[in-house]
Amino acid sequence: MRGASHLLAAGCTFALAAGVAMGSGATGSGAKHRSRAFDLLSRTMQPTLKVNVVSITLQRDPRGEGQFQEIKLVRSKAGKQRWVVTKPLRFAGRECVDDGERQLMYFPDRRQLTDQQSAAKAPCDAPEKIALAKRNYTFQIASRETIAGRNTVCVTAIPRNPDLLVRNYFIDEEAAYPLRVETVGTDGRANVMFDTKFIEYPAKLPNSVFKLSAVLGNVHKITYNPPETMSRIKARAMVGFVPLIPNGLPMGFKVQELQYNPGSEWKSVMVRLTDGLARATVYQWKGQDIEFPDSTPGEYNGIKLLIVSDLGPKVRQKLLQTFVSQATSDEAKALRIYGSRHRSEWDLPIYMEPRRIGEALSEIDRFFESTALPRANTES
């Protein structure tokens, strides 16, 4: 499952490079301070920026505890961006370019190029994430600190659910841009997820900046199609199983995005979750188990599940269990529908005639086929 672990690592690498979270302690109080803290953080969640950005950042390496990837980032006010991994050596040269039309990601170590629609083309989900964050956290101004020569304000996001982590966002107030993100453990220690070594805000950026470097040799190209509504049956035909998608999640989380990977390297489904600030991805596939840092495994009827997130084990387990519980409920509902239509209480006996098994499965398939999944990106 070498391909699977590579895809997992790549997904975690890309999660923070284009995005943005904060320390302990609080000095401000009152509605005015809370409102100012929330307003400052929400400004960083918009798809467009107040300034152009050129920076060198450190992002926690998901494959190595306490290790970081160094990333050079260029981002325009309009949201165009290009970033390149410069360290560690095993990831050096990994690159992403989003010119507002297409987003290209190049993995020289895997000889792979992914091509998908730019995030700028998708409906803006910032208002929904901001509303989620406001519902799930309270905010306060905690402190001020100088980072990469810039004055920052630390906004602390305190979760309403005690199982979630406090998050600290160090924001350049003048530029409304995050320079450091921390989570705070139950022991009070801050864990840096994202930090800035160097940053400047140039008045202009040439369009030539947003071009992919030369791709050397032959590469495997994967193209992801725009999101589409998909039935469970169509999804099963694509990846070999009916994905597990809960109707509701605990602790204020929601399904943000689905992505299907029907390629021969690793047929899988990726379900991305968020509570407005924290994020998690639930991978689903059939095959060998996969080990990955900051993850919790699960299984349902031969479908392997792995939730990957900086959330603690207890929270990951709660979220994962919802997927399994919902699947059990859906299956029971399908069986009840079959039984009611045949005017009998129906359970799967130890032995059934082949004709009745076929009848039952067809009935259950029709139930699932009529139930659409959320919109999802698919690979071609």
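The values are calculated or read from the model by the stated rules, or taken from the named source; none is laboratory data. From a predicted model like this one, the values you see are computed outputs, not experimental measurements. Cβ coordinates were reconstructed from backbone atoms using ideal geometry, including for glycine residues, and neighbour counts include every protein chain displayed.
Here are the numbers for the structure shown:
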{"item": "Those residues of region 287-312 which are surrounded by fewer than 16 Cβ atoms within 10 Å (Cβ to Cβ) and at pLDDT below 90, in sequence order", "result": "G287, Q288, D289, E291, P293, N301, G302"}
{"item": "Selection status of T186, at pLDDT below 95, within 24 Å of the chain's Cα centre (by Cα), farther than 29 Å from T86 by Cα and of a type outside the set (D, E, K, R)", "result": "yes"}
{"item": "In region 82-135, residue surrounded by the most Cβ atoms within 10 Å (Cβ to Cβ) [restricted to those that are charged (D, E, K, R) and in a helix (DSSP H, G or I)]", "result": "K129"}
{"item": "Answer from K197, K204, K221 - the residue that is under 30 Å from N151 (Cβ atoms), among the basic types (K, R) and part of a strand (DSSP E or B)", "result": "K197"}
{"item": "Residue within region 223-232 that is under 20 Å from the mean Cα position of the chain (by Cα) and acidic (D, E) present", "result": "yes"}
{"item": "Single residue of region 194-214 satisfying the filter (among the hydrophobic types (A, V, I, L, M, F, W, C) and within 27 Å of the chain's Cα centre (by Cα)) that is surrounded by the most Cβ atoms within 10 Å (Cβ to Cβ)", "result": "F194"}
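Listed here are the residues, each with its yes/no results for (1) at negative phi; (2) acidic (D, E); (3) outside the structural domain of N261 (by TED's automatic domain parsing).
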residue: E70; (1), (2), (3): yes, yes, yes
residue: K77; (1), (2), (3): yes, no, yes
residue: T86; (1), (2), (3): yes, no, yes
residue: D98; (1), (2), (3): yes, yes, yes
residue: A120; (1), (2), (3): yes, no, yes
residue: I141; (1), (2), (3): yes, no, yes
residue: T146; (1), (2), (3): yes, no, yes
residue: G149; (1), (2), (3): no, no, yes
residue: V181; (1), (2), (3): yes, no, yes
